[in-house]
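Below: one structure, written as structure tokens.
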Amino acid sequence: MAQAGGVVSIKRNGVGRLMDWVDIGRAREAYRAGQNVMAVLKREANITANTSEIIEIAYDLQAGSYIDLLESDLPRFLDIGREVRTHLQAHITEDCVLLDVGSGELTMLSLVFREAGLTVSELLACDLSWSRIYKGRDYWNSTVPNRQPRLTPFVADMAHIPLASKSVDFVMTTHALEPNGSALPVLLRELFRVCRQKLILFEPSYELNTAEGRARMDRLGYIKRLEETAAALGGAVIDVQPLSAIASPLNPTVCYVIEPPADGLSAAATCHGRFCVPGTDFPLMEDAGFLRSPDCGLVFPVLKSIPVLKPHVAILATALEDDTGAMPG
């Protein structure tokens, strides 16, 4: 971490990353001025595509704003939540493990589960931004009856999900793939890796959008050709249904139901929801308030009971291994 002129910058470690230095102060100024933070950061980095770093900063600065928006127009958003729940009910089973990727402030999950009608045995939720997951967990606890189903929130990059291959039954997203236009194949491949049965993706459709909506998606670097990309990766697109209740006419939501390729299904993990080194099947174990990999010697932090499982936050700590494989006190 460095500080100059009162502006704090955070060093992002890693060779070859598009942005080694991220000026959080500049991003905050842009957000407060009502500017598009992603556009500002792309311009200053002299790149054209959104990166995970840019997306994280833009959404972290907005933490809490989606909850405020939802509460300001709750009846309309409840209608959206009911329609999403109806689509989920058509595909998932009560004894399943459901993973929501790009959960943000858990607004959609809170809408879906605050009313009866959908039951799962376990619910996992992750987002790139710790601040959004943190605020979302409080919102979930205050709005979902009896805090059921059991929720496990964590921080992760959807390109490197910290779960074992084929360890969840269903994966859902709600406009989470949306800003990742250049990374769509990588992200879908990772969703396929962890999912056994179906992906249920509530995302915008470039192909079904209006000319004005497509121009907006082009400008913002949003996804295109989701069906085509999924099929090219071995997925089977079994349903495509536009939603009638939408938040914006320029960004209509479509429900894509996709069966992932069966590759690796026979070797699927038997432990639902077990955390792993991101993007791998190396399991993590709780140890001294952290999550540690005995295979790799990597340790990941846990902040306010929320695991932070992004590759670049890993600590290499092989010296913590003793003969029993536990961290010394």
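Considering the conditions (1) over 14 Å from the mean Cα position of the chain (by Cα); (2) surrounded by 22 or more Cβ atoms within 10 Å (Cβ to Cβ); (3) within 18 Å of THR253 (Cβ to Cβ), LEU191 is excluded by exactly one of them, (1).
Checked against the criterion of being closer than 26 Å to ALA247 by Cα, more than 15 Å from the chain's Cα centre (by Cα) and at pLDDT 95 or above, the stretch 170-180 has no qualifying residue.
What is the residue count in the stretch 133-145 for residues that are in contact with a helix residue (DSSP H, G or I) (Cβ under 9 Å, 6 or more places away or on another chain) and either among the aliphatic types (A, V, I, L, M) or at pLDDT below 95 (or both)? Residues in the stretch 133-145 being in contact with a helix residue (DSSP H, G or I) (Cβ under 9 Å, 6 or more places away or on another chain) and either among the aliphatic types (A, V, I, L, M) or at pLDDT below 95 (or both): 2 in total.
Within the stretch 277-294, the set of residues being of a type outside the set (Gly, Ala, Ser) and in a loop (DSSP other than H, G, I, E, B) comprises VAL277, PRO278, THR280, ASP281, PHE282, LEU284, PRO294.
Across the stretch 114-162, the qualifying residues are those that are in contact (Cβ under 8 Å) with a residue 12 or more places away in the chain, over 18 Å from the mean Cα position of the chain (by Cα) and part of a helix (DSSP H, G or I), and the one among them that is surrounded by the fewest Cβ atoms within 10 Å (Cβ to Cβ) is PRO145. The number of residues in the stretch 227-242 being assigned to a helix (DSSP H, G or I) and within 22 Å of the chain's Cα centre (by Cα) comes to 5.
Does ILE80 fit the bill of being crowded, with 20+ Cβ neighbours inside 10 Å, under 21 Å from the mean Cα position of the chain (by Cα) and within 24 Å of ASN141 (Cβ to Cβ)? Steps first, answer last, please.
Working: crowded, with 20+ Cβ neighbours inside 10 Å: yes; under 21 Å from the mean Cα position of the chain (by Cα): yes; within 24 Å of ASN141 (Cβ to Cβ): yes.
Criteria met by ILE80.
The values are calculated or read from the model by the stated rules, or taken from the named source; none is laboratory data. Keep in mind that what you see is a predicted model, and the values were worked out from it rather than measured. Ideal geometry is used to build each Cβ from the backbone, glycine not excepted, and the neighbour counts take in all protein chains shown.
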